[in-house]
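Novice: Supplied in structure tokens, the structure appears directly below.
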Amino acid sequence: MRGLTVIPPDQPAGYGIVSAVLFTIGVVGVLVLGRRASRDGEYSALIEEYMTNDERIHLPDAPAISGLMFRRFRGAADYAPIVAVHEGSREWDQVDPLSSREGVPTVDSLAASFGAVSSGTPDLLIAEVAGQVIGYNHVLWRWTEVTGTRVYLHLGYLLPAWRGKGIGQAMFHWSQARIREIAAGEQTAGVKMLATNASSTEKEAGALIRANGYIEVRRLSDMKLDPLSALPPGALPAGVTRRPVHSDHYRSIYQALKDAYSDTWISTSESEADYQEFLAEEIHISGFDPTLCQVAWATDQVVGLVWCHIRKGVGVIAEVAVRKAWKRRGIARALMVYGLEALREKGITQVRLFTDAANEQGARSLYESLGFREVKQHILYRKSLAEG
């Protein structure tokens, strides 16, 4: 738990805690409790004394648990406690730290993800018991698909010891209510959908989602190739060649990605903001190595690509895409072989990726033919915002 002690729900707050405890309490700074609180209410009162009314968030259906309270995000001061929630859930939820789809964040990676999220944002909820963070929910991500459907994603995390007590349900309802506020303010036309995700090993999360009327819409297959061995050389079709990746190719690569995904469920409209997001997620990242990325050209057009990274000592296939007009010509397979060989030359022995479990585009079959095997699945759920 990275030095954070989480009080189990069957132990009264204040008992078993060292007599001098340090807490970072927002802008107030560091509060030193010089004595052990003798009663639950006394301990909670000490914490509440340093929490402003603006920070507190009332959840009408929250369970009556001594010391339980909900508050707003405190920025960087909350990074370590949030990481501790993930660390404390990893074993129970069977989170795979080497997966390309899930993992356990570090303080640095969380800072990169939440760096633009302001302290006090109304889109992130923190749950505490006796001043220690036990979970959080956020509604930070939303997008419009090419079909016009507006999607609002909400995600939640709660330490295993506090599940099954009504806390997760109350936080879930908070997420839905906050999304309705956001949607009302946007005044956009078209279908609006609530969305959330859970892996096949996150049993409580899946049960909570389904109990709230969400429907499974997609499964992703989390796959692993281990060990990575030499493969027969790849062969691109006539007229198609590989070129080293340069910065002036990024726009063409992005456009090829948009074309490849234009008739799939993950498709979004091409825009400058979307292009900048592509740069932020795939290029302007720590350790980006363009020599690992394989790009196929036909004259002056990018027709296919396999985008590779190395993360935590493991190879990651982040993107595999071929323009619609060039599919079924062996381009994806050839580029995959080149990409895997580039990773092998860097000393990589395990490679991870995820893809549509239903194999609608044939990608899963391709990966299995190269030796990848499924580790687990990730289930994507949705529910119409109009359903209430």
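Novice: For Thr291, state whether it is polar (S, T, N, Q), part of a loop (DSSP other than H, G, I, E, B) and surrounded by fewer than 16 Cβ atoms within 10 Å (Cβ to Cβ). Steps first, please.
Specialist: Working: polar (S, T, N, Q): yes; part of a loop (DSSP other than H, G, I, E, B): no; surrounded by fewer than 16 Cβ atoms within 10 Å (Cβ to Cβ): yes.
No; evaluated as a whole, the condition is false for this residue.
Novice: Another one. If I ask for residues that are more than 29 Å from Asp96 (Cβ to Cβ), touching a residue at least 60 places away in the same chain (Cβ under 8 Å) and either not in a strand (DSSP E or B) or not charged (D, E, K, R) (or both), which ones from the stretch 171-207 would you list?
Specialist: Start the filter on the stretch 171-207 by keeping residues that are more than 29 Å from Asp96 (Cβ to Cβ), which leaves 173, 177-178, 180-192.
Then drop every residue that is not touching a residue at least 60 places away in the same chain (Cβ under 8 Å), which leaves 173, 180, 183, 191-192.
Correct list: His173, Arg180, Ala183, Val191.
Novice: What residue, of Ala235, Ala260, Ala230, Ala256, is among the small types (Gly, Ala, Ser), touching a residue at least 40 places away in the same chain (Cβ under 8 Å), more than 24 Å from Val314 (Cα to Cα) and assigned to a loop (DSSP other than H, G, I, E, B)?
Specialist: Numbers: Ala260 fails: assigned to a loop (DSSP other than H, G, I, E, B); Ala230 fails: more than 24 Å from Val314 (Cα to Cα); Ala256 fails: assigned to a loop (DSSP other than H, G, I, E, B).
Testing whether each residue is among the small types (Gly, Ala, Ser), touching a residue at least 40 places away in the same chain (Cβ under 8 Å), more than 24 Å from Val314 (Cα to Cα) and assigned to a loop (DSSP other than H, G, I, E, B) leaves just Ala235.
Novice: Output the residues belonging to the stretch 67-107 that are surrounded by 17 or more Cβ atoms within 10 Å (Cβ to Cβ), polar (S, T, N, Q) and in a loop (DSSP other than H, G, I, E, B).
Specialist: Ser99, Ser100
Novice: Report whether or not Gly362 is modelled with pLDDT under 95 and surrounded by fewer than 20 Cβ atoms within 10 Å (Cβ to Cβ). It would help to see each step written out before you state the result.
Specialist: On the way: modelled with pLDDT under 95: yes; surrounded by fewer than 20 Cβ atoms within 10 Å (Cβ to Cβ): yes.
So Gly362 fits the description; yes.
Novice: Quick one: what pairs do we get from the stretch 299-317, first residue under 18 Å from Ser221 (Cα atoms), second of a type in the set (S, T, N, Q) and in a loop (DSSP other than H, G, I, E, B), C-beta under 8 Å, 6+ apart or different chains?
Specialist: Val314/Gln350; Gly315/Gln350; Val316/Ser100; Ile317/Ser100
Novice: Can you list residue pairs whose Cβ atoms sit under 9 Å apart, with the first residue in the stretch 331-350 being touching a residue at least 60 places away in the same chain (Cβ under 8 Å) and buried (at least 22 other Cβ atoms within 10 Å of the Cβ) and the second being assigned to a helix (DSSP H, G or I) and among the hydroxyl-bearing types (Ser, Thr, Tyr)? Count only pairs 6 or more apart in sequence or on different chains.
Specialist: Met336/Tyr367
Novice: For the stretch 147-168, how many residues meet the condition of being assigned to a helix (DSSP H, G or I) and surrounded by fewer than 17 Cβ atoms within 10 Å (Cβ to Cβ)? I'd like the intermediate steps shown before the answer.
Specialist: Applying the first criterion (assigned to a helix (DSSP H, G or I)) to the stretch 147-168 yields 160-162, 167-168.
Still in the list and also surrounded by fewer than 17 Cβ atoms within 10 Å (Cβ to Cβ): 160.
Total meeting the criteria: 1.
Novice: Here's another thing I want to ask about it. Just need a number here: residues in the stretch 173-189 that are in contact with a strand residue (DSSP E or B) (Cβ under 8 Å, 6 or more places away or on another chain) and over 11 Å from Leu385 (Cα atoms). Spell out how you get there, then give the answer.
Specialist: Taking the stretch 173-189 as the starting set, the residues that turn out to be in contact with a strand residue (DSSP E or B) (Cβ under 8 Å, 6 or more places away or on another chain) are 174-176, 178-179, 182-183, 186, 188.
Applying the additional criterion that residues be over 11 Å from Leu385 (Cα atoms) yields 174-175, 178, 182, 186, 188.
Adding up the residues that qualify gives 6.
Novice: With (1) at pLDDT 95 or above; (2) farther than 16 Å from Tyr261 by Cβ; (3) of a type outside the set (Lys, Arg); (4) not in a helix (DSSP H, G or I) as the list, and Val320 as the residue in question, which single condition is left unmet?
Specialist: (2)
Novice: In addition: With respect to Val314, determine if the residue is buried (at least 16 other Cβ atoms within 10 Å of the Cβ), closer than 18 Å to Thr349 by Cα and touching a strand residue (DSSP E or B) at 6+ places or on another chain (Cβ under 9 Å).
Specialist: Spelling it out, Val314 is indeed buried (at least 16 other Cβ atoms within 10 Å of the Cβ), closer than 18 Å to Thr349 by Cα and touching a strand residue (DSSP E or B) at 6+ places or on another chain (Cβ under 9 Å).
Novice: Restricting to the stretch 259-269, and then to whatever is modelled with pLDDT under 95 and closer than 21 Å to Gln301 by Cβ, can you tell me which residue is surrounded by the most Cβ atoms within 10 Å (Cβ to Cβ)? Spell out how you get there, then give the answer.
Specialist: In the first step, residues of the stretch 259-269 are kept if they are modelled with pLDDT under 95; the result is 261-269.
After this cut, where a residue has to be closer than 21 Å to Gln301 by Cβ as well, the list is 261-264, 267, 269.
Working: Tyr261: 17, Ser262: 14, Asp263: 10, Thr264: 11, Ser267: 14, Ser269: 13.
In this case the residue turns out to be Tyr261.
Novice: Additional query: Go through the residues of the stretch 176-197 one by one and say whether even a single one is in contact with an Asp or Glu (Cβ under 9 Å, 6 or more places away or on another chain) and on the phi > 0 side of the Ramachandran plot.
Specialist: No, the stretch 176-197 has no match at all.
Novice: On the basis of being among the charged types (D, E, K, R), at pLDDT below 95, assigned to a helix (DSSP H, G or I) and under 25 Å from the mean Cα position of the chain (by Cα), does Glu281 make the cut? Please lay out each step first, then the result.
Specialist: Numbers: among the charged types (D, E, K, R): yes; at pLDDT below 95: yes; assigned to a helix (DSSP H, G or I): yes; under 25 Å from the mean Cα position of the chain (by Cα): yes.
Considered against the rule, which asks whether it is among the charged types (D, E, K, R), at pLDDT below 95, assigned to a helix (DSSP H, G or I) and under 25 Å from the mean Cα position of the chain (by Cα), Glu281 comes out as yes.
Novice: Output the residues belonging to the stretch 238-251 that are crowded, with 16+ Cβ neighbours inside 10 Å and either part of a helix (DSSP H, G or I) or touching a His at 6+ places or on another chain (Cβ under 8 Å) (or both).
Specialist: Within the stretch 238-251, His249, Tyr250 qualify.
The values are calculated or read from the model by the stated rules, or taken from the named source; none is laboratory data. Owing to the predicted nature of the structure, the values given are computational and were not obtained by experimental measurement. For neighbour counting, all protein chains shown are included, and Cβ atoms are generated from backbone atoms with ideal geometry for every residue, glycine included.
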